[in-house]
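Asks: Handing you a structure now.
The values are calculated or read from the model by the stated rules, or taken from the named source; none is laboratory data. Worth saying up front: this structure is predicted, and the values here are computed from it rather than measured. Don't worry about glycine lacking a Cβ; one is built from the backbone with ideal geometry, like all the others, and counts go over all protein chains shown.
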Amino acid sequence: MNDFRVLNTRAPRVDAAAKATGQAKYADDFKMPGMLYAAILQSPVAHARILHIDTSKAKKLAGVENVVTSKEAGLIRYGVSPARYDETIFAHDKVRYVGDEIAAVAATSMEIAQEALSLIKVDYEEIPAVFDMFEATKDGAPQIHDEFPGNINAEVHQEFGDTEAALKSCDLVVDHTFLNKRQDAAFIEPHSCVAVFDHAGKLTLYTSTQVPHYVMRTVAMTLQIPVGNVRVIKPYVGGGFGPKCEATPLEMSCGLLSKITGKPVKMTYSREQVFLHSRARHQFYAEMSLGVMNDGTMVALKNKAVLDGGAYTSFGIATVYYSGSLLGGPYKLKAMKYDGHRAYTNKPACGAQRGHGGVAHRACFEQLIDMTAEKIGMDPVEMRLKNIMTAGDMTVNELDMSSLGMKECIEAIREGSDWNNKKGKLPKGKGIGMACGFFVSGAGYPIYRSDTYHSTVVIKMSEDGGVANLLTGSAEIGQGSDTAMAMIAAETLGIPLENVRVYSGDTDYSVDLGAYSSRQTLMTGHATKEAAEDLRDKIAGFLAEEMNVEKSGITFVDGIVKFDDAPGNFEKIRTSYIKEHRGWTDQPSGEFLTFREAARLAFLKGGTLVGTGKYKPHRLGGSYKGAAVGTSPAYGCSAQIVEVSVDLETGQITVDKMTDAHDCGLAINKMSVEGQMQGSLSMGLGECLFEEVKFDSRGRVLNPSLGEYKIPTALDMPNVRSIIVESNEPNGPYGAKEVGEGAIMPTIPAILNAIYDATGVRINELPVTSEKLFMALVEKNRIV
Amino acid sequence: MVCNNVKFILNGYPEDFDEPSLTIQSLLEMNQEDDPAVIVELNGKFVHRKYFSICSVEEGDRVEFIHPSFGG
């Protein structure tokens, strides 16, 4: 039981009505007077030098206002990490994948813009291309970026403890490999942007993005506009999942064309262009060895990763880092060695999709744990319970588990799924499997080197005292962050949720790094709490002065004010308020002073009431070797048990039931937490069983549509039991931390472990189609 | 001992030092780099943490300190 009035409840989302009734406006809904339509010309070949671009015929087409190439856009390099700015708005010397952007057109209609694209003549000199991550790093492979010989885009090598010695000391070492396929995030709303460059030289982008702040900075840099003259407004967004975490050629092209034409310019990607832009899940190859003692104690882990990064870096440095670092927990290890590298290939660039670099390697590791448990005759749940960390532990790679409800999650799913009565007792063709995982709750540093606050929030009280207007640059992308911030503000101010209005996703409101790395609940939440406390303190100060009482005795709860838990002598304030509102029919009444009256008094005494809050992770000191900020201020964790049925004649897999427990510290909004858990499960299920972006031998995407690239529907989802575990994170606002990405970590391995339990066949390559499983069953029967 | 002014690039910007030598470890400490996960690249190549104390920065070198935890 807790004393929360607003938090930790099942609150309706603040944006639900707008979305359900169609009032919500997405970027493509925007129409403006004189607006032009833009389209991008993309390369039809995977690797070629650009010899010549002739835009003359396109420019002459009636209705075309402008055509731009790298000549107009310039060659300022950009990317995600400043250490890897390897892209320009348009390709200038060569194209590196089918889909690489070459030019853009702005015209009076979309049809004219598309026709103009067909009139742009590009002379290519095709050069050999490479599409396989292993082939790309062999001697003699076609070189994709001159500055990165051997097509190695990034590599990370880490060792904690003496891994070889530790492995030698083990009773048993088990090896495993794993390969997934490149995936797409399949958000329902394609990228879309409307750019408006006004007469004062200010550029405003209305764009479907997760990160207004980073888009603002990148567009300012590449278009050479002062950063204070670029405003990014995020309208309603129909999903992001990671690929919308960076500025896109669509945004930069629209901005450039608007700057040149002086008119609003809109562009929306087709679904095919979404696939070509990608920035979604990498293909990963994992090779691991786990050393254990006969009693199941884990000792050492050796982990190798090869990533197919596509033609540009995007988030790739972080991806290859996470493939190693996120295996440091949630189990105790004495030693860990990681060697990872990311290769360039002539395919669309991969980026940071939900769970980032942790998903595929977690799948491999959790299968490896099951394999090891089987060899030593131990129940998989018991093996994990034996080795899990607890709050206060530090991982072998120096991640601080300030809170960790891993044990509670495992015990919850064991009981919730009736594991003990099912494991080893199901008929052939039925299986049960489990897995665990964990993820960061915000990144310790911004992507660009800076001491900037990660989140700032402003709460302005309406002058009549009735409504708290919360202004934040954070990004509501469907995950429920606006509702979470409204709930935090309401709880802190002591007012009903309906008295808080959230205005978000606008870089003019405040600095917020955006929706990535599962950061907003913790970081924007902290800033929101601080802003509300600041505002509450100011109102209390004016009240104390007016009523000649101690400020410390004033509390706000449920929209009323208490003075040392009593009503206090507030008649004068009420009388003044009522007289000021002559003619109103909803005059305040009741035994207690209302928050509305108190805030109104504060405005009359002090003017506009504003509370400000800010957050950046706490730094403990300047020593590199110290655990100062670290990878993240907190970590969420998850455990899942999945039950499957396999048709042994066809390999058809049906997921019958999923039991999921996630430690989110404190559930700000229980409904949103469950939604994130179930969304993660559906995404993991799709990646495990259905999803693969396929290419032909020339690097062209074969299935760039949601008709061909299968994602789960409601018909594919089983009954899901979601169990919320709350470990009260000391670094989180009211104890809260992430749920958006940690919950996807166990899904793939839990399904794979269940398939093994049902069939005796261990699949280590995704997706596990019925055909793949059928062939594996045939092979198993043949060998047997 | 003669100290030469050594010019190099750190995180994209020119720096110089007058010490006889400068290791990656010293450079991290001088810059108060406190990310235990920091990735160091020297002339585009990854530098393993175990070599920070013995890897020297030379004239014209390009050094990057990268905070690798982001995205998703």
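For every residue, the table says whether it meets (1) at pLDDT 95 or above; (2) surrounded by 22 or more Cβ atoms within 10 Å (Cβ to Cβ); (3) outside any loop (DSSP other than H, G, I, E, B).
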| position | (1), (2), (3) |
| --- | --- |
| A:Lys572 | yes, no, yes |
| A:Ser576 | yes, no, yes |
| A:Lys579 | yes, no, yes |
| A:Asp586 | no, no, no |
| A:Ala599 | yes, yes, yes |
| A:Leu604 | yes, no, yes |
| A:Thr608 | yes, no, no |
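Asks: With respect to the numbered conditions (1) away from every other protein chain (no Cβ under 14 Å); (2) within 30 Å of A:Gly732 (Cβ to Cβ); (3) part of a loop (DSSP other than H, G, I, E, B); (4) of a type outside the set (Gly, Ala, Ser), which one is the sole condition not fulfilled by A:Thr555?
Replies: (3)
Asks: Going by the structure shown, is A:Ala38 touching a Cys at 6+ places or on another chain (Cβ under 7 Å), at pLDDT 95 or above and buried (at least 21 other Cβ atoms within 10 Å of the Cβ)?
Replies: Spelling it out, A:Ala38 is indeed touching a Cys at 6+ places or on another chain (Cβ under 7 Å), at pLDDT 95 or above and buried (at least 21 other Cβ atoms within 10 Å of the Cβ).
Asks: Is there a residue in the stretch A:272-291 that is basic (Lys, Arg), closer than 19 Å to A:Gln367 by Cβ and in contact (Cβ under 8 Å) with a residue 60 or more places away in the chain?
Replies: So far as the stretch A:272-291 goes, yes, one or more of its residues are basic (Lys, Arg), closer than 19 Å to A:Gln367 by Cβ and in contact (Cβ under 8 Å) with a residue 60 or more places away in the chain.
Asks: Here's something else I'd like to know. Need the failing condition index for A:Met383 against (1) hydrophobic (A, V, I, L, M, F, W, C); (2) more than 14 Å from chain B (Cβ to nearest Cβ); (3) in contact with a Lys or Arg (Cβ under 9 Å, 6 or more places away or on another chain), just the number.
Replies: (3)
Asks: Being hydrophobic (A, V, I, L, M, F, W, C), modelled with pLDDT under 95 and assigned to a loop (DSSP other than H, G, I, E, B) is the requirement here; does A:Ala443 meet it?
Replies: Yes: the conditions hold for A:Ala443.
Asks: Follow-up question, since we're still on this one. Select from the stretch A:127-156 the residues that are loosely packed, with under 14 Cβ neighbours inside 10 Å and on the phi < 0 side of the Ramachandran plot and write down the one among them that is nearest to the other protein chains (Cβ to nearest Cβ).
Replies: My answer is A:Glu147.
Asks: Suppose we filter the stretch A:356-414 for residues that are without any contact (Cβ under 8 Å) to a residue 40 or more places away in the chain and assigned to a helix (DSSP H, G or I); how many remain?
Replies: 4
Asks: Return the pair list, or none, for Cβ contacts closer than 8 Å from residues in the stretch B:15-35 that are under 19 Å from B:His48 (Cα atoms) to residues that are surrounded by fewer than 16 Cβ atoms within 10 Å (Cβ to Cβ) and of a type in the set (Val, Ile, Thr), at least 6 apart or on different chains.
Replies: Partner pairs satisfying both residue conditions: B:Thr23/B:Ile54.
Asks: Could you go through the stretch A:7-19 and let me know if any residue there is buried (at least 21 other Cβ atoms within 10 Å of the Cβ), of a type outside the set (D, E, K, R) and not in a loop (DSSP other than H, G, I, E, B).
Replies: Looking through the stretch A:7-19, none of the residues is buried (at least 21 other Cβ atoms within 10 Å of the Cβ), of a type outside the set (D, E, K, R) and not in a loop (DSSP other than H, G, I, E, B).
Asks: For the stretch A:301-311, check the following and say yes or no: at least one residue is within 27 Å of the chain's Cα centre (by Cα), free of Cβ contacts under 8 Å to residues at least 40 places away in the same chain and outside the structural domain of A:Tyr78 (by TED's automatic domain parsing).
Replies: yes
Asks: While we're looking at this one, here's another question. Taking the stated definitions as given, is A:Gly296 under 30 Å from A:Leu205 (Cα atoms) and either of a type outside the set (Lys, Arg) or assigned to a helix (DSSP H, G or I) (or both)?
Replies: No; evaluated as a whole, the condition is false for this residue.
Asks: Can A:Asp418 be described as of a type in the set (D, E, K, R) and within 14 Å of chain B (Cβ to nearest Cβ)?
Replies: No, not satisfied.
Asks: Can I ask one more? With the requirement that a residue be in contact with a Phe, Trp or Tyr (Cβ under 8 Å, 6 or more places away or on another chain) and more than 13 Å from chain B (Cβ to nearest Cβ), what does the stretch A:500-521 give you?
Replies: Those that are in contact with a Phe, Trp or Tyr (Cβ under 8 Å, 6 or more places away or on another chain) and more than 13 Å from chain B (Cβ to nearest Cβ): A:Tyr503, A:Tyr509, A:Val511.
Asks: In addition: What do you reckon, is A:Thr207 of a type outside the set (A, V, I, L, M), buried (at least 19 other Cβ atoms within 10 Å of the Cβ), at pLDDT 95 or above and in contact with a Cys (Cβ under 6 Å, 6 or more places away or on another chain)?
Replies: yes
Asks: Restricting to the stretch B:20-42, name every residue that is surrounded by 13 or more Cβ atoms within 10 Å (Cβ to Cβ), farther than 29 Å from A:Val440 by Cβ and not aliphatic (A, V, I, L, M).
Replies: Scanning the stretch B:20-42 gives B:Thr23, B:Ser26.
Asks: All but one of (1) closer than 26 Å to A:Cys350 by Cα; (2) in contact with a Phe, Trp or Tyr (Cβ under 9 Å, 6 or more places away or on another chain); (3) in contact (Cβ under 8 Å) with a residue 60 or more places away in the chain; (4) assigned by TED's automatic domain parsing to the domain that holds A:Ala220 hold for A:His145; which doesn't?
Replies: Result: A:His145 fails condition (4) only.
Asks: While we're on this one: Looking at A:Leu75, A:Leu117 in this structure, which one is out of contact with any His (no Cβ under 8 Å at 6 or more places or on another chain) and either in a loop (DSSP other than H, G, I, E, B) or over 18 Å from A:Tyr344 (Cα atoms) (or both)?
Replies: Result: A:Leu117 is the single residue among A:Leu75, A:Leu117 that is out of contact with any His (no Cβ under 8 Å at 6 or more places or on another chain) and either in a loop (DSSP other than H, G, I, E, B) or over 18 Å from A:Tyr344 (Cα atoms) (or both).
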